[in-house]
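Remarks on the structure that follows.
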Amino acid sequence: MKHKIWLCALVAIVGEIYAPHVLAASATVTWNANSESDLAGYKIYYGTSPRTGTDPKTCTLCGYSNSVNAGNVTSYNLSSLTDGLTYYFSVSAYDTSGNESSFSTEVSKAMPLTPDATAPTVSITAPSGGTVSGSVSFNASASDPIVSGQVNSGLKLITLSVDGSVFATSSSSSISKSLDTTTLTNASHTLTAVAQDNAGNQSSTASVTITVNNAAAQKFPRTVSLTGLEGLSAIPAGTTITATVVSPSSGSTLETQSNLTASAGKYTVTFLSTDPQLVNIRVKVNNYLSQLLTGIDTTANSAVALSVPQLLAGDNNNDNVVNSLDYSAMNSHWLQNYAAADINNDGLVNSLDFAVLKNNYNKSGQ
Ligand SMILES: [Ca+2]
Ligand SMILES: [Ca+2]
Ligand SMILES: [Ca+2]
């Protein structure tokens, strides 16, 4: 039984193999050479479970999943191994007659995991789109999938956006926020959700389009009350006031109302259904600098009058600034009965009027 003796000797020689050098999903197995004269080569057996026997002649793969004929070498690289799994390796020798030894000792090595390169999954669970009004729930959920061979960095953040602007964030796997659609215009708006994992991978949902259709809030007229007109002891009956309703965000004029019905210096301003909730109102009287009332709530049903501070005199040409042009108008009618320059309304343009103009020189209306 010559071959049987040879094989027994071989076990001792091949009995030490070195730990594999791991290169990502490959491993190089190195072993001690056999010195038998009729040595022909080596076989490597490997798999992700430890072997269940000691002699491939009796148990073939012996619990391994693969074997490879390495030829007559003492080092061999195995590729196509799976990241993150632990592999077990044994080596056998065979001679020129095809006789195979039993296994060397077994070694094992864990293949490292690759970094998390997989973006989280994210979806908007509500609303589903379509026409909405009032408050709606804006919900999304996300998860960072576990991918074989990759580190799972985990979910970091869900970000909800409305028309591209961040609406809410959460570090949980789900988020539910109430969206007040009355803060949006009656138009189409885009909802998106973005999920980011701890490795920096991120993904976005397909956007959800909602069409906001809220009934316009009811508008209520407001009374503005003039405190006084500079230089006059009382506001003359029939004084014309011009109220200009202005958008606070754009500064554009929304409407202008003149000759408002006066009642002892009180005037009623009305609003359009299309006006925003908050507006500014510019109050102007001929020959006086204007005053601006800001942040007026057009939906407030209030009996409280909006008080307008005393309007400053001297703007004789009504360009809303007191300067040399106003003085020229005064000077050309000096000691005459000229209403536009007769600030104190005593029937004569004189030094009393000039004193007021001088005091307001270079002032502007709001
Ligand atoms: Ca990930
Ligand atoms: Ca002027
Ligand atoms: Ca006067």
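Data for the structure
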quantity: Every pair of residues 6+ apart whose Cβ atoms lie under 7 Å, when the first sits in the range 154-177 and is among the charged types (D, E, K, R) while the second is assigned to a strand (DSSP E or B); calculated: LYS156/GLN196; LYS156/ASP197; ASP163/HIS189; ASP163/THR190; LYS177/PHE138; LYS177/LEU160; LYS177/PHE167; LYS177/ALA168
quantity: Residue that is farthest from the chain's Cα centre (by Cα) [pool: residues in the range 131-150 that are surrounded by 12 or more Cβ atoms within 10 Å (Cβ to Cβ) and assigned to a loop (DSSP other than H, G, I, E, B)]; calculated: GLY149
quantity: Residues (without any contact (Cβ under 8 Å) to a residue 40 or more places away in the chain, surrounded by fewer than 17 Cβ atoms within 10 Å (Cβ to Cβ) and more than 15 Å from ligand 2 (Cβ to nearest atom)) located in the range 305-342; calculated: TRP334, LEU335, GLN336, ASN337, ALA339
quantity: Test result for ALA217, closer than 28 Å to ALA303 by Cα and not assigned by TED's automatic domain parsing to the domain that holds ALA303; calculated: yes
quantity: Residue in the range 166-175 that is modelled with pLDDT under 90, exposed (fewer than 14 other Cβ atoms within 10 Å of the Cβ) and not hydrophobic (A, V, I, L, M, F, W, C) present; calculated: no
quantity: Selected residue [over 53 Å from the mean Cα position of the chain (by Cα), under 15 Å from SER104 (Cα atoms), acidic (Asp, Glu) and surrounded by fewer than 17 Cβ atoms within 10 Å (Cβ to Cβ)] from ASP55, ASP38; calculated: ASP55
quantity: Those residues of the range 118-130 which are in a loop (DSSP other than H, G, I, E, B) and surrounded by fewer than 21 Cβ atoms within 10 Å (Cβ to Cβ), in sequence order; calculated: THR118, ALA119, PRO127, SER128, GLY129
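The values are calculated or read from the model by the stated rules, or taken from the named source; none is laboratory data. What you see is a predicted model, and the numbers here were worked out from it, not measured in a lab. Reconstructed Cβ throughout: ideal geometry from the backbone, glycine too, with neighbour counts over all protein chains shown.
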